[in-house]
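The values are calculated or read from the model by the stated rules, or taken from the named source; none is laboratory data. All of these numbers come straight from a predicted model, not from anything done at the bench. No Cβ is skipped: glycine too gets one built from the backbone with ideal geometry, and neighbour counts run over all protein chains shown. Just so you know, the surface numbers come from the protein's heavy atoms only, side chains and all, with ligands and any DNA or RNA stripped out. Shrake-Rupley method; radii C 1.70, N 1.55, O 1.52, S 1.80 Å.
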Amino acid sequence: MTDNSTNTSYIKAMYVFIIFICGIGNFAMHKAMMESNHPMITEARGSFSKFLGPYGSYIIEFGMLAAALIFANMGMLSAVIFYGVYTLANGAGAYVLFSNKH
């Protein structure tokens, strides 16, 4: 009986670890994009500032990370998949923004 519960604990820990590493990447990409002077980002920053203050987009980013970590700790593989896709989308957005091909 303990083998199954130990295995489940390792799986949950791996899910949390994967999301945590993706979260570090997401926050790094988010900060880089928010500090850029791209007109689209400047406009979005203004929109978030009206409703949530100057760090509103960081609050939303943190909320998504916290929710993903909670669901991963519950053993939900779908949380890892969703947050992985979200990280890839953020990476694609950062690549397009910084690639000078726009």
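Residues of segment 27-58 that are in a loop (DSSP other than H, G, I, E, B) and either hydrophobic (A, V, I, L, M, F, W, C) or in contact (Cβ under 8 Å) with a residue 60 or more places away in the chain (or both): 36 alone. Taking the numbered list (1) more than 22 Å from residue 75 (Cα to Cα); (2) open to solvent by 70 Å² or more (accessible area, probe 1.4 Å); (3) of a type outside the set (Phe, Trp, Tyr); (4) at pLDDT 85 or above in turn, residue 21 passes all entries but (1).
Looking for something open to solvent by 90 Å² or more (accessible area, probe 1.4 Å) and among the hydroxyl-bearing types (Ser, Thr, Tyr) - is there at least one such residue anywhere in segment 49-64? Yes, segment 49-64 has at least one match.
Just to check your reading of the model, which residue among 97, 69, 65 is under 13 Å from residue 33 (Cβ atoms), out of contact with any Leu (no Cβ under 7 Å at 6 or more places or on another chain), touching a residue at least 24 places away in the same chain (Cβ under 8 Å) and not in a loop (DSSP other than H, G, I, E, B)?
Just a single option satisfies the conditions, and that option is 97.
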